[in-house]
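Read-outs: derived from the displayed coordinates by stated rules, not from any lab. The model shown is predicted, which means the values in this text are computed figures rather than measured ones. We place every Cβ from the backbone using ideal geometry, glycine too, and count neighbours over all the protein chains shown.
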Amino acid sequence: MNAVPLGGLGCAEVLANLSEFLDGALPAPFAARVREHVAGCRDCERFGGAFAVVLAGLRERLRAGSDGREHDVDPSVAARLDAAWRRS
Ligand SMILES: [Zn+2]
């Protein structure tokens, strides 16, 4: 865990809202904070369990910008990431 939460969110809060984030159900300002957190946090991956690959893919996407590189993310996951990326 980080002493100063990235994006003003703790890992638990990010993980609790990750499904909604991917579904585009979060308000844009909150989604932006989730993105900011995931972009800089490696702990979420450790705590994320089944979401670890999603988080890894999301962070790669955030790092790479929007050039669409997919790395080793499952295509269905990548599609959801892509949709979340475009919405937020
Ligand atoms: Zn985190």
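Points worth noting:
- Simple spin-label estimate for A79 and E36 gives 3.2 nm between the two label positions (7 Å along the Cα-to-Cβ direction from each Cα).
- Given charges at Cβ of Lys, Arg, Asp, Glu: the stretch 6-87 dipole, positive-most of S76, G24, F47: G24
- Volume per residue for the stretch 6-87 equals 80 cubic angstrom (convex hull of Cα atoms).
- Per-pair calculated FRET efficiency, R0 = 22 Å: V4 and V53 via Cβ, rounded to 0.05: 0.25
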